[in-house]
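Okay, structure first, notes after.
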Amino acid sequence: MSAAEDVVTEAPAVEAVPKRAMTLGTGTSLLVLAALLIAPVFVKNFIIFQMTMLLIYGLAVLALNILTGGSGQFSLGQSAFYAVGAYTTAVLLEHFNVNYALTLPVAGVVCFGFGYLFGKPALRLSGVYLALATFALATAMPQLLKLNVIEHWTGGVQGLVVTKPDAPFGLPMSQDMWLYYFTLIVTLAIYIFAVNLLRSRSGRAFMAIRDNEIAASAMGVDVALYKTLAFGVSAGITGVAGGLSAIAVQFVAPDSYTFLLAISLFLGMVVGGVGWLPGSFVGAAFIIFVPNMAESISKGLSGAVFGVMLFLVIYLVPHGARQVALLVQRKPSGGR
Amino acid sequence: MELFTNQVLAGIATGAIYACMALAVVMIYQAIDHLNFAQGEMAMFSTFISWQLMQWGVSYWAAFIITLAFSFVAGIAIERILFKPLAKAPVLTNVAGFIALFAIINSSAGLIWDFTIKQYPTPFGSSPFLGSQLISTHQAGMIGVTVLLLLGLYFFFQYTRIGLAMRAAASVPESARLVGINTSWMIALGWGMATAIGSIAGMLIAPVVFLEPNMMGGVLIYGFAAAVLGGLSSPFGAVVGGFLVGVFENLAGTYIPGVGNELKLPIALALIISVLVVKPAGLFGRHIVKRV
């Protein structure tokens, strides 16, 4: 067994988890959905904005989850795809006056292509080597966005300002609230797509590769194709999340998409539970709210407080939120 | 031509630091199969300790030795307290642990010593080395210390019982345990040594990049790159990788038009990835055949 390959093969494996555990049960799902639908009516605009961001980050973490939890590949470069998505949307909105809803599929397709092309040479790399390659992508992206050649489109260091859309059909809603519902619809659609993807033939191919690449290829799975496909799909979803974020934040600039963003998304995945799709949103909540909490506990030591909280989480529940969910689900048997 | 030689020599000097970091990274990687993302912050903290000692009037070399001892003990303590409980946890959880450690050390150093840039003394002086215009005495000293360190480590691993036991524990833990090696303590020892090596790298580069809590960010990235380029299973490769990355980074910054300081890092990383695509295990890494 090689050390380098261990990293990939063992990483997402959580033993003895039934297939159903990949998602929430129907009842729970409906409850969560109802809560998500009703909540904005009762809260202030700022909280609605934060909930929108939670859904957006959740989508990006979900994308990483498909890549790592699904196909066992490890990426520290998701911020690059997020940036490409955000810029695609911003450029289409500001330079071509395309309808905001139409920019998202374009962002998704552009990022799918980008991720697929990146996945090709990355095929030969695994584990830490792949981590370094994706990491290089993440560090290069802010610099590339600042290049003079494309400054006319991207606005260079200054970035681009994006206008927020109004609610359609004269619905009596604030812009924030409409954007929240719009994001919710997109998130739901992609979530359902992701669940079905992982249950489909392709999803099983991903998981076969994750569990044992050689055995998978012996069974006739086209390893190269499915690995690049996983990269493409993950990048595409990240791109849509990036596009949504551009609309929600109303601003894109190269320095919003640094390596730190990639790290946050990675932490979100670990905290939520690798390979457990609903966990993505729990993880997103962690990376949005815990730094704020840490800041309010101690300004000077916010990084340390954040670190300690992260340590607490991984000591108590090494498998993330998924472990908590499993404990609740199977209380009678007491197993995990 | 003078510019070229100059840049190559400067590259070798910074390469020496990357080599030290890469070596520290490989030491821990060999012991526990994880990349330590907090390595640079640990080195930064050690460098601050030595700076603080010197502020209190301790002489350079005394501070150097005390810092080495402190780093060694601190490395062992971190392994025992924080990472031993995670040994059985999933790999990605461990990575999250390293990121948490990074945040804790960085933020604490910022609180204790604040974020202003501090001067750090060099024991070698910064006059031209042996009357040559090409290289300063500090750069020569950096290369010298690195070479000494490498020789010392080589003899330690090749000719001492503990060195042998550590190699055994890293390569086949089960068999090592059967012949009576305390593998758990060998891992802790690896952490201690890696932390000490990292602190040497920190103290050597501090006069160049100045002392502040974020000083090791860039250095660690190059250290990783060097380790991966040379092959994570080969300490020798890590060192060669360090020098290669140092030289290449300097040459790319000087000669490729439009690169400058901003794009130096992405270009260096792009080169490394191109090498990896051709040789996935790194230049000197072992090729591993995987059993089904």
### Task
Pick out the one residue from A:87, A:82, A:57 that is crowded, with 24+ Cβ neighbours inside 10 Å and under 12 Å from residue A:235 (Cβ atoms).
A:82
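What tally of residues in region A:122-152 results from selecting those that are part of a loop (DSSP other than H, G, I, E, B), among the hydrophobic types (A, V, I, L, M, F, W, C) and surrounded by 17 or more Cβ atoms within 10 Å (Cβ to Cβ)? Let's see the steps before the verdict.
Kept after step one, since they are part of a loop (DSSP other than H, G, I, E, B), are these residues of region A:122-152: A:123-126, A:146-150.
Next cut, among the hydrophobic types (A, V, I, L, M, F, W, C) only: A:123, A:125, A:147, A:149-150.
In the following step, the residues that additionally are surrounded by 17 or more Cβ atoms within 10 Å (Cβ to Cβ) were identified as A:123, A:125.
Within region A:122-152, residues that are part of a loop (DSSP other than H, G, I, E, B), among the hydrophobic types (A, V, I, L, M, F, W, C) and surrounded by 17 or more Cβ atoms within 10 Å (Cβ to Cβ) number 2.
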### Message
I'm told residue B:44 meets every condition in (1) buried (at least 24 other Cβ atoms within 10 Å of the Cβ); (2) within 20 Å of residue B:138 (Cβ to Cβ); (3) more than 14 Å from chain A (Cβ to nearest Cβ); (4) of a type outside the set (Lys, Arg) except one. Can you identify the failing condition by its number?
### Response
(3)
### Message
I'd like to check which helices (runs of 4 or more DSSP H) are fully inside region B:124-243 and have at least 2 residues that are touching a Cys at 6+ places or on another chain (Cβ under 8 Å).
### Response
B:137-159, B:183-209
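If we scan region B:254-264, do we find a residue that is modelled with pLDDT of 80 or more, away from every other protein chain (no Cβ under 12 Å) and part of a helix (DSSP H, G or I)?
Pass one, region B:254-264, residues modelled with pLDDT of 80 or more: none.
Within region B:254-264, none of the residues are modelled with pLDDT of 80 or more, away from every other protein chain (no Cβ under 12 Å) and part of a helix (DSSP H, G or I).
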### Query
What helices (runs of 4 or more DSSP H) completely inside region A:276-335 contain at least 3 residues that are without any contact (Cβ under 8 Å) to a residue 24 or more places away in the chain and among the aromatic types (Phe, Trp, Tyr)?
A:302-316
### Message
I'm trying to understand the selection: among the residues of region B:50-68, which are within 22 Å of the chain's Cα centre (by Cα) and either touching a residue at least 40 places away in the same chain (Cβ under 8 Å) or closer than 30 Å to residue A:73 by Cβ (or both)?
### Response
B:50, B:51, B:52, B:60, B:61, B:64, B:67, B:68
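Within region A:33-73, how many residues turn out to be outside any helix (DSSP H, G or I) and either small (Gly, Ala, Ser) or under 13 Å from the mean Cα position of the chain (by Cα) (or both)? Steps first, answer last, please.
Within region A:33-73, the subset outside any helix (DSSP H, G or I) is A:42-44, A:72-73.
Subsequent filtering for residues that are either small (Gly, Ala, Ser) or under 13 Å from the mean Cα position of the chain (by Cα) (or both) retains A:72.
Number of matching residues: 1.
To keep it simple, each residue is scored yes or no on (1) aromatic (Phe, Trp, Tyr); (2) surrounded by fewer than 22 Cβ atoms within 10 Å (Cβ to Cβ).
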{"position": "B:18", "(1), (2)": "yes, no"}
{"position": "B:39", "(1), (2)": "no, no"}
{"position": "B:53", "(1), (2)": "no, yes"}
{"position": "B:58", "(1), (2)": "no, yes"}
{"position": "B:75", "(1), (2)": "no, no"}
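Assigned to a helix (DSSP H, G or I), surrounded by 22 or more Cβ atoms within 10 Å (Cβ to Cβ) and within 14 Å of chain B (Cβ to nearest Cβ): does that describe residue A:107? Step through it out loud before you land on a result.
Details: assigned to a helix (DSSP H, G or I): yes; surrounded by 22 or more Cβ atoms within 10 Å (Cβ to Cβ): yes; within 14 Å of chain B (Cβ to nearest Cβ): no.
Judged against the criteria, residue A:107 is not a match.
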### Query
Is it the case that region B:28-38 has a residue that's at pLDDT 85 or above and small (Gly, Ala, Ser)?
yes
#### Entry: Selection from region B:87-97 of residues that are buried (at least 20 other Cβ atoms within 10 Å of the Cβ) and more than 7 Å from chain A (Cβ to nearest Cβ)
B:94, B:95
### Query
Across region A:1-32, what is the total count of residues that are assigned to a loop (DSSP other than H, G, I, E, B) and either surrounded by fewer than 14 Cβ atoms within 10 Å (Cβ to Cβ) or at pLDDT 80 or above (or both)?
5
### Task
Within region A:299-330, count every residue that is more than 9 Å from every other protein chain (Cβ to nearest Cβ) and polar (S, T, N, Q).
2
### Query
So which residues in region A:210-254 are among the acidic types (Asp, Glu) and either crowded, with 21+ Cβ neighbours inside 10 Å or not in a helix (DSSP H, G or I) (or both), if there are any at all?
A:213, A:222
### Task
Among the residues of region B:72-114, write down those that are more than 17 Å from residue B:199 (Cα to Cα) and among the β-branched types (Val, Ile, Thr).
B:81, B:91, B:93, B:95, B:99, B:104, B:112
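The values are calculated or read from the model by the stated rules, or taken from the named source; none is laboratory data. Model, not experiment: these values are computed from the prediction. All Cβ positions, even for glycine, are placed from backbone atoms using ideal geometry, and neighbour counts span all protein chains on display.
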